[in-house]
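Chemist: Encoded as structure tokens, here's the structure I'll be asking about.
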């Protein structure tokens, strides 16, 4: 695979400029005493029908769907996922996931271990019974993955930088969950709010209404209007 210098401002996913996949493995490099130990991370633009698994892992592996569509199968359940969805693969739990044939997904991932990992992922809304969710600030999350991928050496400085960006990644993940809780929890669809949204748009159709203004008027987080 040919490597390229990537302008992450013009193309934040990076591999869209020709790299179909880019990843780094730090399994033997990170501090074993860390509460959250970075094992590996990466990003991939999948080809149609690309499947990974079924297999099991000995760590927590979080995927965030950046674009496209795909399917996850775990614990006897199928989950059809798209942009803004995330799925967590738990240690020693078998799963497979597959890109859509017509609109294959692109995603980024981060794998960690640590004594606090399970409680952290519970805090941000994941569980073995509910291994999928919605994430916010997706561009920020991808930014930190890109920062980690740029730190390819095994010096102490680079290891500390990777650890710092990993913690910033999870801090943003947690912040998004806290904002979601503040606005009343996730809405996979607008449910009881949908009629109010339609009525408001019908009444104000002649106005230039922004997503932020509509969310404020409805009393919900703006991210829910994209779901």
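Chemist: Looking at segment 115-129, which of its residues are under 15 Å from the mean Cα position of the chain (by Cα) and either outside the structural domain of residue 65 (by TED's automatic domain parsing) or within 22 Å of residue 76 (Cβ to Cβ) (or both)?
Modeler: 121, 125, 126
Chemist: Would a scan of segment 105-112 turn up a residue that is in contact with a helix residue (DSSP H, G or I) (Cβ under 8 Å, 6 or more places away or on another chain), closer than 21 Å to residue 41 by Cα, part of a loop (DSSP other than H, G, I, E, B) and in the same structural domain as residue 148 (by TED's automatic domain parsing)?
Modeler: No: zero hits.
Chemist: If you check residue 153 against the conditions, is it outside any helix (DSSP H, G or I) and either in the same structural domain as residue 75 (by TED's automatic domain parsing) or modelled with pLDDT of 65 or more (or both)? Let's see the steps before the verdict.
Modeler: Working: outside any helix (DSSP H, G or I): yes; either in the same structural domain as residue 75 (by TED's automatic domain parsing) or modelled with pLDDT of 65 or more (or both): yes.
Criteria met by residue 153.
Chemist: What single numbered condition from (1) touching a residue at least 24 places away in the same chain (Cβ under 8 Å); (2) over 17 Å from residue 42 (Cβ atoms); (3) not in a loop (DSSP other than H, G, I, E, B) fails to hold for residue 101?
Modeler: Residue 101 satisfies every listed condition except (3).
Chemist: Could I ask something else about it? Kindly provide the set of residues from segment 16-30 that are in contact with a helix residue (DSSP H, G or I) (Cβ under 7 Å, 6 or more places away or on another chain) and either assigned to a loop (DSSP other than H, G, I, E, B) or at pLDDT 95 or above (or both), ordered by number.
Modeler: Within segment 16-30, the subset in contact with a helix residue (DSSP H, G or I) (Cβ under 7 Å, 6 or more places away or on another chain) is 21-22, 24, 26, 29-30.
Those that are in contact with a helix residue (DSSP H, G or I) (Cβ under 7 Å, 6 or more places away or on another chain) and either assigned to a loop (DSSP other than H, G, I, E, B) or at pLDDT 95 or above (or both): 26, 29, 30.
Chemist: Right, residue 148: under 30 Å from residue 76 (Cα atoms) and in the same structural domain as residue 82 (by TED's automatic domain parsing) or not? Don't jump to the end; show me each part of the working.
Modeler: Details: under 30 Å from residue 76 (Cα atoms): no; in the same structural domain as residue 82 (by TED's automatic domain parsing): yes.
Taking the combined requirement at face value, the residue does not satisfy it.
Chemist: Which residue out of 143, 72 is crowded, with 21+ Cβ neighbours inside 10 Å and either more than 17 Å from residue 172 (Cβ to Cβ) or assigned by TED's automatic domain parsing to the domain that holds residue 175 (or both)? Step through it out loud before you land on a result.
Modeler: Working: 143 fails: crowded, with 21+ Cβ neighbours inside 10 Å.
Going through 143, 72 in turn, the sole match is 72.
Chemist: Condition first: outside any helix (DSSP H, G or I) and in contact (Cβ under 8 Å) with a residue 24 or more places away in the chain. Now tell me which residues in segment 125-149 satisfy that.
Modeler: Here is the first cut: in segment 125-149, the residues outside any helix (DSSP H, G or I) are 125-137.
Correct list: 125, 126, 128, 129, 131, 132, 133, 134, 135, 136, 137.
The values are calculated or read from the model by the stated rules, or taken from the named source; none is laboratory data. Here the structure is a predicted model, which is why all the values come from computation and not from measurement. Heads up, the Cβs are rebuilt from the backbone with ideal geometry, glycines too, and the neighbour counts pull from every protein chain shown.
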